[in-house]
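Here's the structure we're looking at; comments come further down.
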Amino acid sequence: MPSLRIATLLILCGSLAMPAHASLSDGLDALRKRDYATAAKELRPLAEKGDAEAQYRIGRMYEFGAGYPKDMAQAIAWYTKAGNQGHADAQQELGVIYALGDGVPKNDKLAATWFDRAADLGNATAQYNLGLMYAKGTGVPLDNAQAVGWWRKAAQQGEPNAQFKLGVAYQNGEGVAANPVLAYANYAVAARNGYKDAAAYRDDVGKALPPAQRQAAQAAADAWKPGQPMPTVIAGVPTAAAGPPHKDSCAASGKLGGQPFTATHCAIAMMGDQHSVDIWFNEAPLSPEDVDGFQLSSYAKADPGGKQRTLVQVMFCPGGGKTIANPAAVRTIDLNTNHAKSPLAGVQWSLEPKDFKVEKLSGELRPGGVLAGRITAARGSTTLALDFDLVLPAKDAAAGLTCN
């Protein structure tokens, strides 16, 4: 696969929008002209005063020995200053440096941390690179669903490597259900955007498709424009290869205030602007009215009609406020329980990491996305084991947990 630097290593004289500050503008103009002495003269004072763009550019000059002797320690120092101010390109470059061990000991965890910060700010190449880390399990747990989620974000911005990777994922059924029609469409978009091997992969997948499916997939690829979601459904084309519709499943068991319980019925609500979820595990089947009401309000009534029921309700931020679920991002869990045989066993707690363990968690927090995971918890005489694999609702809840 291509180097982690692919499309992000902007050459020092690359084109960019002109900031309003005159000295910064002069420094960037000097970089375009490869007048590194003038660039250093203009940019260095700004960098020392804390200008993130100037810090990033000084870092590049040190990294590539342009205007300063090549010095990776200095490059990293300036990138770190810019990255800590939220400069996404500096964060991405730090990820590359630590992933490759370029002038520093290789450190996959630190690379993933910097890629994650840049990806969350919308840097397409960092999103692609973070997807690679999840696909390989380097610096982060191996998680193909997470990889696909980040590639999808990068691909939407026109990143051809990510578009190609989506084709691979659909062809092999890695992180998504296998679907040769969608594999063809994503390969075709990547080929159109210049990924050199994508056309061959597209044509290879296309050999096994009926002409109608191949033509529809190509039409979907031709219609795609940067900024639009990548093809996920090909209009008018059966996609049986994608497998059967997702079937929700859940199970909760343990003790509530020392009282044993088992619950195998559930509903899930999502507060989209916060990327938080609320899962209701119930001992008895839930009515459609129960589910609809919960999805809108995040409220699980413990005693409908005056009759107590056993339930566990957990509210948390699967991605720590981000759209991609990540076990390490869950900092707190709001817990609400009720036991039909012992109402006094119910609790309303805010659990801290010492009280729970997110054993696995994956998915993309979007309408129709799938959230899957396992969480265990123990506090006092209450113990829980929660398993879930649920489709997120199309509608947003009016209330939910605020994610910091």
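Each reported figure results from applying straightforward, stated rules to the coordinates on display, with no laboratory input. Keep in mind that what you see is a predicted model, and the values were worked out from it rather than measured. Because the Cβ atoms are built from the backbone with ideal geometry, glycine has one as well, and the counts that use them run over all protein chains shown.
In terms of distances greater than 18 angstrom between alpha carbons, the cross-link table entries K153/K247; K81/K153; K49/K81 yield K153/K247; K81/K153. In terms of Cα to Cα distance under 12 Å, which aspartates and glutamates are near enough to K307, apart from those fewer than 8 places away along the same chain? Those aspartates and glutamates meeting the cut-off do not exist here.
Taking each of K301/K341; K106/K136; K354/K395 in turn, the alpha-carbon distance tops 21 angstrom for K354/K395. About the Cα centre, and with charges only on the beta carbon of Lys, Arg (+1) and Asp, Glu (-1), how big is the dipole of region 299-404? Nearest 20 debye, please. Rounded to the nearest 20 debye, it is 140 debye.
Ignoring aspartates and glutamates fewer than eight residues from K41 along the same chain, the ones with Cα atoms less than 16 angstrom from its Cα are D26, D29, D51, E53.
Between V330, G167, S381, the Cα set farthest toward the positive side of the dipole of the chain (charges on each charged residue's Cβ, about the Cα centre) is that of G167.
Sparse packing (at most 14 other Cβ atoms within 10 Å of the Cβ) combined with a DSSP loop state is found for the following trypsin sites (Lys or Arg not before Pro) in region 316-399: R331, K341, K395.
The orientation-averaged shadow of the Cα convex hull for the chain, equal to a quarter of the hull surface, comes to 22.7 nm². Each Lys and Arg Cβ is given +1 and each Asp and Glu Cβ -1; about its Cα centre, the chain then shows a dipole of about 440 debye.
Here the sum of -39500 (n - 2.57) over DSSP H runs of 4 or more residues, divided by the residues of the chain, equals -12500 deg cm²/dmol at 222 nm, to the nearest 500.
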